[in-house]
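Worksheet: the structure to be examined is printed underneath.
Since every read-out is calculated from the coordinates, none of them should be taken as a lab result. Just so you know, these numbers come straight off a predicted model, no measurement behind them. Don't worry about glycine lacking a Cβ; one is built from the backbone with ideal geometry, like all the others, and counts go over all protein chains shown.
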Amino acid sequence: MIDYQKILETITSNCALSKDKGEIATYIPELAKVDRSRFGIHLVNSEKKEFQSGDSNELFSIQSISKVLSLAYAISIIGEAVWQRVDVEPSGDPFNHLSLLELENGIPRNPLINAGAIVIADILVSHLENPKSDFLQFVRKLANDDSIDFDPNVAQSEKKTGFRNYAAANLLKSYGNLKNDVDIVLDFYFHQCSIAMNCAQLTKVFYLFMNRGVCQQNITHLSISQVKRINALMLTCGFYDEAGEFAFEVGLPGKSGVGGGIVALLPGKYCVATWSPGLNAKGNSKLGMEALEKLTTATAQSIF
Ligand code: GLN
């Protein structure tokens, strides 16, 4: 039997000793207020047993982690038609780069870079009656937790400084790959990114991706093949131009956000979330990546 609790505690104390904790994202001013020394980790296994250490109950901004949830929701609504609007290839580029978008005629490389997530946001805006509240209800239902909410200050903060996302949305619009108004789509996108969660809630929300599309409440939200595809995208695109490094060091499908969160999963075995707000040069949580490398090494469990 693997002693997950002991492993998580060892990881937390090692991370506390680490001198280089990375840099906080400041391009969204509201995110710059967070204390860099925070670190939390939470793991839920397939029997729904939970293990945690550090600041695992502290709320943080999930940011790009939300892109997996919006993709899952869009797929659950329009299925394979999603792939007519966005591709499934790794970009090898930072999350907010626009160069490939122009080269490839407004079809984003994948749904986990910003341009791709903005197209997914557009799909949801087209298909939902109340896009923001319907999306929030979807996320709450996955976790069976109605306390999950947007952080309006973070959404507002990004709205004021999200110039690159406005550029991406306008470029998409010029290629005909954005059906709704740029401001409406970005308002949705900034809100989805602003959702606040803690590590424990994140593992609950992502449980279905390690459990063949079935959430902790035994509701089937996605088919086995849809989950296979979303996990494949997390593995190949979830860390932007560091996806190779994450597969190499950690060996799990996962997704990061500039709020310092990472969620990762081993299909059929466990789902784990880490939070440490300092980022490395590629915009992924520095200690979060190191923690997950230690986890898969100590347990000798990864998809490889
Ligand atoms: N909201 C952020 C942005 O669009 C998300 C980026 C991220 O978490 N990598 O820039």
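If I filter region 234-247 for residues that are β-branched (Val, Ile, Thr), within 23 Å of SER276 (Cα to Cα) and surrounded by 18 or more Cβ atoms within 10 Å (Cβ to Cβ), do I get at least one hit? Yes, some residue in region 234-247 is β-branched (Val, Ile, Thr), within 23 Å of SER276 (Cα to Cα) and surrounded by 18 or more Cβ atoms within 10 Å (Cβ to Cβ). Report whether or not ILE107 is closer than 27 Å to GLU245 by Cβ, buried (at least 17 other Cβ atoms within 10 Å of the Cβ) and within 16 Å of the ligand (Cβ to nearest atom). Judged against the criteria, ILE107 is not a match.
Among the residues of region 118-176, those identified as of a type in the set (Gly, Ala, Ser) and not in a helix (DSSP H, G or I) are SER147, GLY162, GLY176. The requirement of being touching a residue at least 12 places away in the same chain (Cβ under 8 Å), assigned to a helix (DSSP H, G or I) and not polar (S, T, N, Q) is satisfied by ALA16. For GLN217, the criteria (1) free of Cβ contacts under 8 Å to residues at least 60 places away in the same chain; (2) over 30 Å from ASN280 (Cα atoms); (3) surrounded by fewer than 14 Cβ atoms within 10 Å (Cβ to Cβ) hold in every case but one, which is (1). Could you tell me whether region 110-126 includes any residue that is away from the ligand (no atom under 16 Å from the Cβ) and not β-branched (Val, Ile, Thr)? For region 110-126, residues away from the ligand (no atom under 16 Å from the Cβ) and not β-branched (Val, Ile, Thr): present. For region 191-263, no helices (runs of 4 or more DSSP H) sit wholly inside it while including 2 or more residues that are more than 14 Å from the chain's Cα centre (by Cα), more than 16 Å from the ligand (Cβ to nearest atom) and closer than 21 Å to GLY162 by Cβ.
For the residues LYS286, LYS269, the requirement of being more than 13 Å from the chain's Cα centre (by Cα) and within 16 Å of the ligand (Cβ to nearest atom) singles out LYS286. Against the list (1) within 16 Å of the ligand (Cβ to nearest atom); (2) farther than 12 Å from ILE65 by Cα; (3) touching a residue at least 12 places away in the same chain (Cβ under 8 Å), the condition ASP183 fails is (3).
Residues checked against (1) in contact (Cβ under 8 Å) with a residue 40 or more places away in the chain; (2) more than 20 Å from ASP55 (Cα to Cα):
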position	(1), (2)
ASN231	no, yes
GLY238	yes, yes
GLU242	yes, yes
PRO253	yes, yes
VAL263	yes, no
GLY268	yes, yes
GLY288	no, no
LYS294	yes, no
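For region 63-83, the condition holds for no residue, the condition being that it is crowded, with 18+ Cβ neighbours inside 10 Å and assigned to a loop (DSSP other than H, G, I, E, B). Scanning region 150-186 for residues that are touching a helix residue (DSSP H, G or I) at 6+ places or on another chain (Cβ under 7 Å) and of a type in the set (Asp, Glu) yields ASP151, GLU158.
Here LYS173 fulfils each of the conditions (1) away from the ligand (no atom under 15 Å from the Cβ); (2) closer than 24 Å to ARG109 by Cβ; (3) in contact (Cβ under 8 Å) with a residue 40 or more places away in the chain apart from (3).
Is it fair to say ASN180 is more than 19 Å from VAL82 (Cα to Cα) and part of a loop (DSSP other than H, G, I, E, B)? So ASN180 fails the test. Within region 113-133, being touching a Phe, Trp or Tyr at 6+ places or on another chain (Cβ under 8 Å), under 17 Å from SER64 (Cβ atoms) and of a type outside the set (Val, Ile, Thr) holds for ASN114, ALA117, ALA121, LEU124.
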